[in-house]
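> Supplied in structure tokens, the structure appears directly below.
The values are calculated or read from the model by the stated rules, or taken from the named source; none is laboratory data. Because the structure is predicted, anything quoted here is derived from the model rather than measured. We place every Cβ from the backbone using ideal geometry, glycine too, and count neighbours over all the protein chains shown. Calculation scope for accessible area: heavy atoms of the full protein, side chains included, ligands and nucleic acids excluded. Shrake-Rupley method; radii C 1.70, N 1.55, O 1.52, S 1.80 Å.
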Amino acid sequence: MPVLVDADIICYRTSFKAQSDDFSLEELHEEIDDMIDNINVSNAFGGDLSELRFFLTGKKNFRYDIATIAPYKGHRSKDKPPMLPDAREYLVSEYDAKVSDGQEADDDIAIAAAACEYKCTVASIDKDFLQLPCRHYNWNKDSHTNVTPDEGMKFFYTQLLTGDTADNIKGVKGIGPKKADKILDRLVSEVDLYKAVEEHYETLDELIENARLLWLRRFEGQMWEPPE
């Protein structure tokens, strides 16, 4: 079973550490190798390194172009760790990491997951992947989660209500996780979930924009559309 690895996290974590501890290039590479070893494929997945596929985000991302309510990830610092390019280059050269084009690594991972009918594991510490109905591994917590299609869909519509502060996506004012759970409680079909969310948005355009920012693509060029 393929293991789809969020390599962006690996790059940022290791290059930030290299920045604080004044690592050499060799030490940075060792840190990356150690982090990948700590994912512990043989024990966690019953496979080996050949099962891992690594994904990195490229320079372009369609979300920056469609975000009008608030700048996408606009609150994040533009300062990057000096050795971040070195970490990315090492992931590409030594681990054959795929670099996305026009979208995020998250989208490439979701597309790969859909292509194998979600018979895979997504390895990341990013909660956004929980909209994908597959197995998930959080290496920070050393925890495994199996997400069903219904759970993945409800997670997405919950985010539409609450927003995502990490990416500067505004949800519905005054709605947090508990209130969102109450709104979506016992709803299963996507149409019902959508209608419940739509009632709390001021405009359809705002809802669609947020959905397109939050939705992880399942095929190339996909733009989220309301369910019929």
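> Cα axis of helix 149-162 to longest principal axis of the chain: angle in degrees, 0 to 90, nearest 10?
80 degrees
> Counting only heavy atoms of the protein chains, get the accessible area per residue of the stretch 128-187 (1.4 Å probe) and round it to a whole Å² value.
Each residue of the stretch 128-187 exposes 54 Å² on average to a 1.4 Å probe.
> Which cross-chain or sequence-distant (5 or more) residues have an amide H under 5 Å from the amide H of Lys98, H modelled 1.01 Å from N in plane?
Sorted by chain and number, the residues that satisfy this are Phe54, Phe55, Leu56.
> So, one more: Which entries of Lys78/Lys170; Lys73/Lys170; Lys17/Lys78; Lys119/Lys154; Lys60/Lys173 have Cα-Cα distances beyond 22 Å here?
Where the Cα-Cα span goes over 22 Å, the pairs concerned are Lys60/Lys173.
> Rounded to the nearest 20 debye, what is the charge dipole size of the stretch 1-149 about its Cα centre when +1 sits on each Lys and Arg Cβ and -1 on each Asp and Glu Cβ?
Using only the charged Cβ atoms, the result is roughly 820 debye.
> Here is a follow-up. Carbon and sulfur atoms: what percent of the 1.4 Å accessible area of the stretch 115-228 do they account for?
51 percent
> Further question: Put +1 on the Cβ of each Lys and Arg and -1 on the Cβ of each Asp and Glu in the chain; which of Gly176, Phe23, Gly221 then has its Cα farthest toward the positive end of the dipole?
Comparing the listed Cα positions along the dipole, Gly176 ranks first.
> Can you tell me the 0 to 90 degree angle between the C-alpha axis of helix 84-95 and the longest principal axis of the chain, rounded to 10?
It is inclined by approximately 80 degrees.
> At most 12 other Cβ atoms within 10 Å and a DSSP loop assignment: could you name the chymotrypsin sites (Phe, Trp or Tyr not before Pro) in the stretch 140-225 that fit?
Here the sparse-neighbourhood loop sites are Phe219.
> Which option, (i) 0.99; (ii) 0.94; (iii) 1.06, is the value of Cα Rg over 2.2 N^0.38 Å that was calculated from these coordinates?
Only one listed value fits the structure, namely (iii).
> Let me ask something else. List the residues, sorted by chain then number, that are 5 or more residues from Lys73 or on another chain and whose placed amide H is less than 5 Å from its amide H.
For Lys73, whose amide H was placed from the backbone, the distant partners under 5 Å are Asn168.
> For the residue pair Lys179 and Ala166, what label-to-label distance in nm results when each label sits 7 Å from Cα along the Cα-to-beta-carbon direction?
Reported label-point gap for Lys179 and Ala166 is 2.3 nm.
> Next question. With unit charges on the beta carbon (Lys/Arg positive, Asp/Glu negative), name the residue among Ile66, Tyr12, Ser143 whose Cα is farthest towards the positive pole of the charge dipole of the stretch 1-151.
The one lying farthest along the dipole's positive direction is Ile66.
> Okay, next question. Tell me, in nm to one decimal, what length is gained between Thr68 and Lys80 on full extension, where the rule is 0.36 nm per residue of separation less the Cα-Cα distance?
Gain in length upon complete extension: 1.8 nm.
> Let me ask something else. Helix-only estimate, please: 222 nm mean residue ellipticity of the chain, summing -39500 (n - 2.57) across DSSP H runs of length 4 or more and dividing by its residues, to the nearest 500.
-13500 deg cm²/dmol
> Would you work out the charge dipole size for the stretch 105-206 about its Cα centre, treating the Cβ of every Lys and Arg as +1 and the Cβ of every Asp and Glu as -1, and quote it to the nearest 20 debye?
For this selection, approximately 480 debye.
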